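Have a look at the structure below before the remarks.
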Amino acid sequence: MLKKIELKTPILEEDARKLTVGDVVYVTGTLLTARDAAHTRIMQFLHEGRKLPMVFEGLPLYHCGPLIKKTDGEWTVLAAGPTTSMRMESFEDEVIRNLGVRLVIGKGGMGEKTSGAMKEHGAVYGAFTGGAAVLASRLVKRVKNVEWLDLGMAEAVWTFEVDKFGPLIVCMDSRGNNLFTKVRTEAEKNKPKIISSFKVQ
Amino acid sequence: MILEATVMDVAVNLLRQAVTSLPEDVKNALKTAYDKERSQIGKIQLRAIMENIEEAEKTNTPICQDTGLISFYLEAGSKFRNLEKIEGVLIKAVQKATNEIPLRPNAVNPFSQENPNDNTGNHVPYVHWKIVEGNSLKITAFPKGGGSENTCALQMMRPSDGLRGLKEFVVDCVIKAGGMPCPPTIIGVGMGGGANIAVELAKQALLKPLDEPNPNAEAAELERELYEVVNKTGIGPMGLGGDATTLAVKVEYAHRHPASYPVAVAFQCWAARKATAIIHANGKVEYLTHKPLKDAC
């Protein structure tokens, strides 16, 4: 049986370190979205030593470009599934190191650099089902804040209040395990057998 | 003028149908994949997918926040009136749909990175024309997500690599893509022609009904074999490991140059959004993939 774990934000380093690949996590509290353009801007701020207008410490960073509607001055989240995390691979290690993110949420997994920072700082990667955007939006209770809306709706940094946001499958843990790498390595191993089974050689 | 208004309404309706509910063939394929899946994590993913589809349909909400880059595939009867005006109407329909449904603004200028926020721009929406006999217009709305688009690939193979090389390339693409195109995917394979023809055919293959075998026996056999081998890679739902890596493989081919053997592989995520309708000369509309919406004309 898979282990089910409920987390509340802010997530402590020791709690993040307890998580293992294959665990199923549900997170309650506050999370922030950030994808391509937001990461580029975060890096700019970090390099220029400027203070960010939002706090990531202990919170989940969600790779998501949501579809949001504004009616009567209120934001309503219509769809908020994950985007491909690998596009953020070149930035995420620095983001984890500098901003204290404990949980990165996205789809498709990330690489060595991110894995290294997770090991060092005690953070994990949780995969939310790609495309399950309506389910995700139902778990967002409220839009608390938005920054950098000039980047566009999808690229802005949204702060969501979430309730039991999941299921998130822990795919990268703080011991350097990576489920995506494991699955791909297995697939590579299967390949010769698959190729030799081709009917037309 | 009346016909143009109809095209406008139908195009908006098709986009709404496409982004909020999946055609039956895709839903059935997902159900089969769920029943066959042996991985626990894989089953969690497929269950979330099916719940999400149900919820989106019930609430008339886009299935995925990425409502795609928009294409229309048209089969236009040569006697359908005002054909020269259709593209302009489709652009307006996309702007209207973006605002009304709503759709996420996804068309970005590649130089300035500016987003006009209405899903239109240079060559977007992309409109593919096929002129046929008759006086009706068949429209397929095909909004396609970026995640699965990013794993599409073209290989100019050596002709001596032949079918074996093609199959190896498809398997390689699937493994390399991993969870990025949101598996279980639909895989379109375009073979032959020149580079552009192979890619276009791979894309068109994604629009074929999943439950109809290819009318060409060799292509049908190739589809069957590729479906089986891709589902033996173990990539599984969302790349988290499992049985369901693809829902269907669809093949289209063109004759090739003696020196070339282009092979294109197009991925479509499980949220395989497409919707088709026919507008008859008298203005009557027939929806082929989805039930007409209440507000449909």
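The numbers here are math on the coordinates, done by the rules we state, and not lab data. Because the structure is a prediction, the values reported are computed rather than measured. Glycine gets a Cβ as well: all are built from the backbone with ideal geometry, and neighbour counts include every protein chain shown.
The table that follows gives values for the structure above.
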item	result
Note, ³J(HN,Hα) from phi for region B:131-145, Karplus 6.51, -1.76, 1.60, rounded to Hz, x at Gly and Pro	8, 10, 5, x, 10, 10, 10, 9, 10, 10, 8, 9, x, 10, x
Quotient of C-alpha Rg and 2.2 N^0.38 Å, computed over region B:1-84	1.48
Amide H contacts of B:Gly193 (H built 1.01 Å from N, under 5 Å, at least 5 apart or other chain)	B:Ala254, B:His255, B:Arg256, B:His257
Added length on full extension, which subtracts the Cα-Cα distance from 0.36 nm per residue, B:Arg38 to B:Ala220	62.9 nm
Spread of Cα-to-Cα distances over 10 Å intervals beginning at zero, given as percent, for region B:105-174	14, 28, 26, 28, 5
Distance between modelled label sites at A:Asn145 and A:Lys70, nm, 7 Å Cα→Cβ extension	1.8 nm
Charge tally in the Cβ shell below 10 Å around B:Asp172, where Lys, Arg are +1 and Asp, Glu are -1, B:Asp172 excluded	+1
Counted charge near B:Thr120, where neighbours are those whose Cβ lies closer than 14 Å (Asp, Glu -1; Lys, Arg +1)	0
For residues of B:162-171, the mean tally of beta carbons on other chains within 10 Å	3
Spatial separation of Cα centroids for region B:144-173 and region A:43-63, in angstrom	39 Å
Distance histogram for chain A (every C-alpha pair counted, 10 angstrom bins, percent rounded to whole numbers)	9, 36, 34, 14, 6, 2, 0
Cut-off under 5 Å, modelled amide H: who pairs with A:Leu7 long-range	A:Tyr26, A:Val27, A:Thr28
Principal axes of region B:147-268: Cα extent on each, largest first, Å	41, 27, 22
Label-point gap, in nm, between B:Tyr126 and A:Leu52 - each point 7 angstrom along Cα→Cβ	3.5 nm
For region B:1-153, convex hull volume per residue from C-alpha positions, Å³	150 Å³
At 1.002 mPa s and 20 °C, Stokes D of the protein assembly as shown from Kirkwood alpha-carbon radius, µm² per second	92 µm²/s
Which of B:Val199, A:Val157 has the fewest Cβ neighbours within 10 Å, and the rest in rising order	B:Val199, A:Val157
Principal axis dimensions, largest first and in whole angstrom, of chain B by Cα	53, 48, 42
Built amide H within the under 5 Å cut-off of A:Leu103, gap 5+	A:Leu61, A:Val124
J(HN,Hα) series, region A:136-151, from Karplus relation 6.51 cos²θ - 1.76 cosθ + 1.60, nearest Hz, glycine and proline x	4, 5, 5, 8, 8, 7, 6, 8, 8, 6, 9, 10, 6, 5, 5, 7
Axial C-alpha extent at least 24 Å, average Kyte-Doolittle at least 1.0 - helices from chain B (DSSP)	B:2-20
